[in-house]
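J.: After the structure tokens below, expect a handful of questions from me.
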Amino acid sequence: MRFPQTTLSPIRAPDGNILFFRTFLKDGDPKPGVESVKKLLRVYPLAEANHPPEMNFVNISGKAFNTIGPSDYSFWDAINQVIQHEPRDAMDPFTLGFLASIGIEKGKPFAPDERMKAILKEAAAVGDATARTLAYKCRIKEAYFYPNSAWVTPFVGNSYKFEVNGARLLDAYSFFFFYATGITPAMTEKMVGEGSQYAVAFVDANDDPLDGGKTYKLHLPPNIPAKDFWSLLLYDNQTRSMLQTDQQYPSVGSQTKGLQINGDKSVDLWFGPQAPSGHENNWVQTAPGKGWNVILRLYGPLEPWFDKTWRPGELEVVK
């Protein structure tokens, strides 16, 4: 896992849990953000407010580790661990009722018999496949930014609660929380020149899944509507983490050193196993045999993004 453009800073809280949050680069350097966190952040139980313990800042840069949630029977063991660890009011009664119906209750052992284990094993696999389908081949019409386009929003209904007219959009809810981790109200707010906006593409201009063995070209028209900066970041479909290749960072954007900008202020970008000659600074490496997807991020999004007078191109197969 690697964190370009912005950095997700890991911190071990006094209770042993790892916290992640995002800081921004300053002139392409993550160091000022890291120093600010170390200087200002303190996490501790309220009971220890008068004598807060020292923070333990963990440097995970360059280290390989697994952040993928389980999709087999062990998923249920992980859920049970959460239920036993957290207070009862950490979850709503509806969710707790569902879990209780399969034997997961706080203060009680989770000990399904062989029949129930077989059911839960199949349920985890089917649930994982369903969530992948909802995300990677989205059938929600309202998720698409434009007609005949691959670009989708992970915030269907423009609601961080994924609710429309008081009803939760279950497919959209599952899509987002399978693909991403956390959400805040600010992610769905329209704030011209502030905050951020996101668009995701899982398929190319022919509606085919993005293939790590092929080369694609993406055209971004002039005047990309980002006051602060923009970026495109590649993710591995299998791990849902950043794509791991020989490149240090699987990304390209306005902060990329040596980025080539066309005379009309448009930008052409390439994605593939090898860099097209002469376009090395506008290229992100992919890995043959691995499916991938890409997020376009706009920081400080401008009105042309919201009124859709500016529209990114589609991913065209070059070879």
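J.: Could you please tell me which pairs satisfy a Cβ distance under 7 Å, a separation of 6+ or placement on different chains, a first residue in segment 143-169 that is open to solvent by less than 70 Å² (accessible area, probe 1.4 Å), and a second residue that is among the polar types (S, T, N, Q)?
T.: As it stands, the answer is Ala143/Thr153; Phe145/Thr153; Phe155/Thr188; Ser159/Thr188, since those pairs meet every condition given.
J.: Can you name the condition, by its number, that Arg132 falls short on among (1) free of Cβ contacts under 8 Å to residues at least 12 places away in the same chain; (2) part of a helix (DSSP H, G or I); (3) closer than 27 Å to Ala172 by Cβ?
T.: For Arg132, the exception is condition (1).
J.: Now for a different question. Filter segment 217-262 down to residues that are part of a strand (DSSP E or B) and of a type in the set (D, E, K, R) and give me whichever is surrounded by the fewest Cβ atoms within 10 Å (Cβ to Cβ).
T.: Step by step, filter segment 217-262, then rank; the result is Lys227.
J.: Can I ask one more? Filter segment 76-101 down to residues that are in a helix (DSSP H, G or I) and more than 22 Å from Ile119 (Cβ to Cβ) and give me whichever is nearest to the chain's Cα centre (by Cα).
T.: Only one residue fits best here, namely Ala90.
J.: Based on what the data block shows, is Gly300 open to solvent by less than 40 Å² (accessible area, probe 1.4 Å) and either touching a His at 6+ places or on another chain (Cβ under 7 Å) or on the phi > 0 side of the Ramachandran plot (or both)?
T.: yes
J.: Hey, another quick one. When both residues are 6+ apart or on different chains and their Cβ atoms are under 7 Å apart, which pairs have a first residue that lies in segment 306-319 and is within 20 Å of Ala275 (Cα to Cα) and touching a residue at least 12 places away in the same chain (Cβ under 8 Å), and a second that is among the aromatic types (Phe, Trp, Tyr) and not in a loop (DSSP other than H, G, I, E, B)?
T.: If the second residue must be among the aromatic types (Phe, Trp, Tyr) and not in a loop (DSSP other than H, G, I, E, B), the pairs left are Leu315/Tyr216; Glu316/Tyr216; Val317/Tyr216; Val318/Tyr216.
J.: Among the residues of segment 263-289, write down those that are open to solvent by 10 Å² or more (accessible area, probe 1.4 Å), outside any strand (DSSP E or B) and within 21 Å of Trp151 (Cβ to Cβ).
T.: Lys265 - this is the single residue of segment 263-289 that is open to solvent by 10 Å² or more (accessible area, probe 1.4 Å), outside any strand (DSSP E or B) and within 21 Å of Trp151 (Cβ to Cβ).
J.: Which of the following residues is surrounded by 14 or more Cβ atoms within 10 Å (Cβ to Cβ) and not aromatic (Phe, Trp, Tyr): Ala111, Ala131? Break it down into steps so the answer makes sense when it comes.
T.: Details: Ala111 fails: surrounded by 14 or more Cβ atoms within 10 Å (Cβ to Cβ).
On inspection, the qualifying residue turns out to be Ala131.
J.: Separate question: Considering every residue within segment 189-205, establish whether at least one is over 17 Å from the mean Cα position of the chain (by Cα) and within 29 Å of Glu316 (Cβ to Cβ). Full working, then the answer.
T.: Going residue by residue through segment 189-205, those that are over 17 Å from the mean Cα position of the chain (by Cα) are 189-194, 204-205.
Subsequent filtering for residues that are within 29 Å of Glu316 (Cβ to Cβ) retains 204-205.
Within segment 189-205 (the criterion being over 17 Å from the mean Cα position of the chain (by Cα) and within 29 Å of Glu316 (Cβ to Cβ)), the answer is yes, since at least one residue qualifies.
J.: Determine whether segment 117-125 contains at least one residue that is over 27 Å from Gln238 (Cβ atoms) and basic (Lys, Arg).
T.: No, segment 117-125 contains no residue that is over 27 Å from Gln238 (Cβ atoms) and basic (Lys, Arg).
J.: Follow-up. What pairs come out if I take residues in segment 181-200 that are assigned to a loop (DSSP other than H, G, I, E, B) and pair them with residues that are open to solvent by 30 Å² or more (accessible area, probe 1.4 Å) whose C-beta lies under 6 Å away, six or more apart or interchain?
T.: Ile183/Tyr160; Lys190/Phe306; Val192/Glu303; Gly193/Lys227; Gly195/Ala186
J.: Next question, about the same structure. Filter segment 135-168 for residues that are aromatic (Phe, Trp, Tyr) and part of a loop (DSSP other than H, G, I, E, B) and give the result.
T.: Phe145, Tyr146, Trp151, Phe155, Tyr160, Phe162
J.: Moving on. Which number in (1) farther than 26 Å from Thr153 by Cα; (2) at pLDDT 95 or above; (3) among the hydroxyl-bearing types (Ser, Thr, Tyr) marks the one condition that Thr286 misses?
T.: (1)
J.: Looking only at segment 35-67, count every residue that is surrounded by 10 or more Cβ atoms within 10 Å (Cβ to Cβ) and under 21 Å from the mean Cα position of the chain (by Cα) and tell me the total.
T.: Count: 3.
The values are calculated or read from the model by the stated rules, or taken from the named source; none is laboratory data. Remember, it's a predicted structure, so these values are computed and weren't measured experimentally. Please note: Cβ atoms are built from the backbone with ideal geometry, for glycine as well, and neighbour counts cover all protein chains shown. Surface areas here come from the heavy atoms of the whole protein model, side chains and all, with no ligands, DNA or RNA. Shrake-Rupley method; radii C 1.70, N 1.55, O 1.52, S 1.80 Å.
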